[in-house]
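This report concerns only the one structure given below.
FYI, it's all coordinate maths here, none of it is from the lab. In this text, all values refer to a predicted model and were calculated from it rather than measured experimentally. Note that we place each Cβ from the backbone using ideal geometry, even for glycine, and neighbour counts take in every protein chain shown.
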Amino acid sequence: MQIIADLHIHSKYSRAVSQKMDLYEIASWAAKKGIGLVTTADWTHPLWMREIKTKLKEVALGVYELKDPPINQRLPVRFILTTEIASIYNQGGKLRRIHNLVFSPSIETAERINDQLKKKGVNLMADGRPITGISSKDLLSMLLEINPAILFVPCHAWTPWFSLYGSKSGFDSIKECFNGLDNEIYAIETGLSSDPIMNWQIKELKNRSIISSSDAHSGPKLGREATVFVPTTQQYNNATFNFTYQDIIKAIKQSPNSKLKIGYTIEFFPEEGKYHWSGHRACGIRYSAKETKEKGIICPVCQKPLTIGVENRVLDLSEQIIEKEELHFLPNRAGVTFVYDKEKVRKPFVSIVPLMETLIEVTGSPVKAAAEYEKLTTSLGTEFEILLKKSLEEIEKTGGQKLRQAIEIIRKRKVFVDPGYDGVFGKVKIFDGRKENEEKQLSADQPSLF
């Protein structure tokens with residue numbers, strides 16, 4: 001049994017999010033993807049909380065399902081209560097902008113949190129991702145006083161503008177941010193522009209969990225990153241196991257008596273993230289980590305500071321640099337490459353290109369890709385089954401030879417990604433352009449750009 005979980009997305013009540021993103025849309029896309037556990041998201045918003053209370057039912061402690069799931073929902077989808085809260089405040093003589101993910105064990109606890117935020121003057125109607133002037137440390141302290149079962153995880157931890165380690169407004173360490181409460185931080189979220197390899201280089205993350213989520217703003221973006229939970233013993237390895245909120249939290253906290261544990265994470269190739277390299281979008285300047293060290297952090301066109309990318313920021317804070325020889329790249333029976341640290345003490349990960357992106361390159365047409373996506377997820381399996389589990393022969397029989405070739409390239413980590421920078425997403429190339437820049441090829445021989 002595996003539980004593929006997407007623990008950070010957004011509803012239609014958050015800014016820049018599809019207005020289709022209601023609970024039915026979320027459940028429908030989660031089922032297509034093969035996601036068995038997804039967050040409700042945005043429960044701080046009063047109108048969204050009303051929908052949650054009206055349309056969901058509790059099926060295990062802290063875990064919910066739709067009362068009336070869509071007729072076309074292809075597998076059971078369960079919900080957990082998490083939400084993103086933005087903190088903007090001054091600390092240490094610097095403006096901080098930090099986004100944190102809050103896990104609530106119940107609707108009752110979520111409502112108590114909302115009441116306390118309103119008392120502190122937070123406008124919960126303004127956005128599904130509310131903005132507070134409360135520091136991350138004080139917010140965590142407030143939440144733990146409400147209910148110690150709440151879990152608090154820094155979101156997309158390396159994003160330059162809105163994260164714990166962000167180059168523009170973050171901190172250099174968890175201790176600096178949460179001093180006195182840093183032991184209550186059990187995990188960080190990678191974000192799209194970093195992968196576990198990059199986070200394994202940070203000393204204070206050695207014993208903390210690394211989770212990955214999509215931060216999706218529309219249904220098709222669900223699952224572009226995810227966290228996979230697996231049973232700790234054979235006793236819980238069955239389809240009837242009714243996991244609870246605490247089972248998920250204990251897995252993230254790595255509790256010794258947990259029924260579940262994190263088995264692995266599903267990752268973007270981090271170069272595809274929109275802040276991987278440093279640069280200045282307005283002037284078309286983009287630097288790799290090496291070029292940034294050589295050329296400096298000032299834009300040569302406008303003389304303003306560059307947006308320092310995640311790769312550079314990780315290098316600045318790393319205790320050590322992990323070389324390719326220190327990693328293990330092990331294919332499973334389906335030919336999917338799992339990446340392990342040298343000692344195999346950290347949770348491994350796999351890297352994917354979402355099926356819709358893959359099909360656009362295969363077909364050359366977004367319209368054809370959408371139709372093919374529906375055909376494949378109806379007749380062959382869920383998106384994650386196609387990307388990670390189905391045999392290449394099965395994929396070729398249903399989707400054709402070119403799709404088989406594409407999936408095989410992705411499973412072997414042979415794609416090329418033109419890296420993103422300063423808010424511009426990187427561009428994945430499965431077939432075309434891989435020979436243009438072989439020194440940047442993402443393969444088992446060269447897992448990252450450093």
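Side notes on the structure shown:
- Cα shape, the range 304-395, gyration tensor, a/c 1.5 rule: oblate
- FRET efficiency for N332 and K402, using Cβ-Cβ distance with R0 set to 25 Å, rounded to 0.05: 0.60
- When DSSP beta bridges are restricted to pairs lying wholly in the chain, around 75% turn out antiparallel.
- Nitroxide proxy distance, nm - points 7 Å out along Cα→Cβ at Q19 and L380: 3.5 nm
- Dipole orientation for the range 203-281: of the candidates Y275, N257, G219, N257 has the Cα lying most toward the positive pole (charges on Cβ; Lys, Arg +1; Asp, Glu -1).
- Label separation (K119 vs K414): 6.1 nm, computed from points 7 Å beyond Cα along the C-beta direction.
- Summed over qualifying helices (DSSP H, 4 residues or more, each -39500 (n - 2.57)) and divided by its residue number, the chain shows a 222 nm mean residue ellipticity of -8000 deg cm²/dmol.
- Of the DSSP H helices in the chain, none is both long (alpha-carbon extent of 24 Å or more along the helix axis) and hydrophobic (Kyte-Doolittle mean at least 0.0).
- The alpha-carbon of K342 sits under 20 angstrom from the alpha-carbons of these aspartates and glutamates, leaving out residues fewer than 8 places away in its chain: D195, E204, E267, E319, E323, E325, E326, D445.
- Residue pairs, from the table K55/K168; K57/K175; K33/K120; K206/K324; K20/K250, whose Cα atoms sit over 29 Å apart: K55/K168; K57/K175; K33/K120; K20/K250
- Among the listed pairs K290/K414; K12/K304; K67/K368, those with a Cα-Cα distance over 24 Å are K12/K304; K67/K368.
- Gyration tensor (alpha-carbon) shape descriptor, the range 147-201, a/c threshold 1.5: prolate
- Our analysis of the range 3-268 gives Rg over Rh at 0.94, with the two radii drawn from alpha carbon positions and Rh computed by the Kirkwood formula.
- Cα-based radius of gyration for the chain, normalised by 2.2 N^0.38 Å, reads 0.94.
- Point-to-point label distance, Q235-Q2, nm (Cα→Cβ direction, 7 Å offset): 2.5 nm
- Cα gyration tensor category, rounded, prolate or oblate, for the range 174-244 with a/c compared to 1.5: oblate
- Near the amide H of H10, within less than 5 Å, lie the amide hydrogens of A216, all on another chain or at least 5 residues away, with H placed in the peptide plane.
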